[in-house]
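As structure tokens, the structure follows; a few thoughts come after it.
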Amino acid sequence: MATTHKSHSHDTANTLSTDQRKHMNDTVYAFPKQRKEPLNDASHVRNAIARFDQVKDVSDEEREEAFHNIKAAAKKFGVEMKETHWRELGSKPHTANPEHRKAS
């Protein structure tokens, strides 16, 4: 994994309230259908990268869409990403995909 980012899970300055999340458009999320991993600022983009493999019950197609969304948000907010495919994110993806076992 070649990402040069830091996870800011303890960072509360950019915490979103339930009300703020409720008013965000689906397209602001890495996983819009599930409304998982908001991408509204650099801190949340870094968090989405770090937690990518923790999102459960999504298809490979949804992961591909989420990766595209994260890459676009990373570019927008100046977060460096070296990964070129979603399978490069995280060490334990939750989708049942034989490709994940090959990468281990």
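Values quoted throughout were computed directly from the atomic coordinates according to the rules given, and no laboratory measurement underlies them. Please read these numbers as outputs of a predicted model, since none were measured by experiment. Note: ideal-geometry Cβ built from the backbone for every residue, glycine included; neighbour counts use all protein chains shown.
Structure notes:
- Partners for LYS22 among aspartates and glutamates (Cα-Cα distance below 16 Å; same-chain residues under 8 apart left out): GLU37
- Each of GLU62, GLU37 was scored by other Cβ atoms within 10 Å of its Cβ. Arranged with the fewest first, they read GLU62, GLU37.
- Charges were assigned to the Cβ only: +1 to each Lys and Arg, -1 to each Asp and Glu. The resulting dipole of the range 23-87 about its Cα centre is roughly 200 debye.
- The range 23-87, Rg to Rh (Cα coordinates; Rh as Kirkwood inverse mean 1/r): 0.92
- Peptide packing for 39-52, 67-80, 14-27 was compared via the average number of neighbouring C-beta atoms within 10 Å per residue; ordered from the highest value, the list is 39-52, 67-80, 14-27.
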